[in-house]
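Below you'll find the structure, written out as structure tokens, and then a few comments.
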Amino acid sequence: MKGKVKKYIRKRALFGLTILLFFIVLSIISLMMVRKKILDNIQLMGEEVSEHLLIKENGKIENYDMFVRTASIWLDDQIKKNRTEKELREWMKNYTDYINQELNTKKVEVYAAINKKIIGATYWEGDETFDIDKAEWYNLAILANGNVIYTDTYRDVRTGEIGFTVAKKINEKNDILAVDIYLDELSEKEEISELPVGSSYYLCDVKGNIIYSIHENKNSEAEIKVYIQKVLEEILEGKHDVADSFTIDMQGKKRGVYYSLSKNGWISVLTIPYSTLLSEVKELYHFYIGIFILFVIVGIIVYYRDICLNKKIEETNEAVRILGNSYYAIYRIDFKKEKHFILKGSGYMKELLSQVGNYQVFLDILLDVIELEAREEFQKVFSIESIRDLVKRRIRDFGGDFKRKFGNEYRWVNVRVLYDESLSTNEVILCFKEINDEKNNN
């Protein structure tokens, strides 16, 4: 019996471990699926935010583009009318004021190279000796042959500010109109509130120079430039075309990278901390860990309870075994369905009865081996009606002594009807104990 109980405990423990393992595997698979889905959605969101910010800047640049194209036509008309240098400067000054008013800017500067001489809205110190052929914006505009060009960012030698130039050839004499735009005219620092928590945004030119940025980094400009160059190289390699890619930032933390390209070659880069990206997954991690710990605690409690319960069952079984040795026959009687169940039967009864059967048939077969003079009393005392009455009156132990035939002789047996609420409400135990030696001794 003890071996069976231990085997049962092992089976229960193995079943519990199997369920726990299944839960762990299912949790890992579901977390991986949720993580992938979140990263896929964030990839789309990041690209949309990056493109949205780029569209804003493109909108500003396109305004400058439009003003340059319009001004080129007007300036060419002024040149054809043989306006003096003074009149051209005055016209440029008025047009600069017009641009500043329309675009709500302050530092835009309009100037032109006419007959390879600089003429601007404001006086350029040393413009008489300025070598126009070495100017990047001039050469790019000549090569573009009437299309608007954008230079890379540079530090203006006159103002010390970082900006870029938009320029266009205005006629066949290679006269060029140019507009200097400074980076602080583009950036709107309040836009950082529109970004996901902890995010950084960088707008870079074709050479990777930062046109402007929105971030909360406290690193130096040189450190940020090195970091962005690394990110741009990763973008060119195609590393960040997949949702689960990441870069390591200047603080050694993972960041998702999302980018968009403008028509003039500028690149808009948005980086979002993985802690922000996977905040929902972290909550799921904590949830699953909590469930796992709860599972383990419940498993330990159930396992310990099983051990204690099975110990009690062993003790009870041992007691029942000892009791069973005292009774040669034990039957469970369902007085509602009028059925008997053999728990432990004598050889005679086992031969004539099935394991489960009608109680009256059971009683009739039993009466055949009861002493003739006592059969009527036995029939009355142990009838279904009598058993029901005993239960109704809450009599837990009732019975008597009768002579039963064993082979060719009659021996005294004690027959008991036992009732307990722990049993099914419609059942009693009927048991038989041989007491012939006790009767004879008395």
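The numbers here are math on the coordinates, done by the rules we state, and not lab data. Quick caveat, the model's predicted, so the values are computed rather than measured. Cβ placement follows ideal geometry from the backbone for every residue including glycine, while neighbour counts extend to all protein chains displayed.
Details
- Distant-in-sequence amide H partners of residue 339 (H built 1.01 Å from N, under 5 Å): 334, 359
- When you count the other C-beta atoms within 10 angstrom of each residue and take the mean per peptide, 79-86, 23-30 line up highest first as 23-30, 79-86.
- If the segment from residue 365 to residue 337 were pulled out straight at 0.36 nm per residue, it would be longer than the present Cα-Cα gap by 8.2 nm.
- Annotation for residue 438 and residue 350: the two label points, set 7 Å from Cα along the Cα-Cβ direction, are 2.4 nm apart.
- Here residue 30 and residue 225 are evaluated by their C-beta separation; at R0 = 30 Å the FRET efficiency comes out at 0.10.
- Cα-projected label distance for residue 143 with residue 123, points at 7 Å along beta-carbon direction, nm: 3.5 nm
- Beyond 25 Å in Cα-Cα separation lie the following of the pairs 350/392; 405/433; 93/263: 350/392; 93/263.
- Legend: calculated FRET efficiency, residue 77 to residue 276, from the Cβ-Cβ distance at R0 = 51 Å, rounded to 0.05, equals 0.40.
- Sequence-ordered 3J(HN,Hα) estimates for the stretch 161-174 from the Karplus curve with 6.51, -1.76 and 1.60 and θ = phi - 60° stand at 8, 8, x, 8, 10, 10, 9, 7, 6, 9, 7, 6, 7, 6 Hz, glycine and proline given as x.
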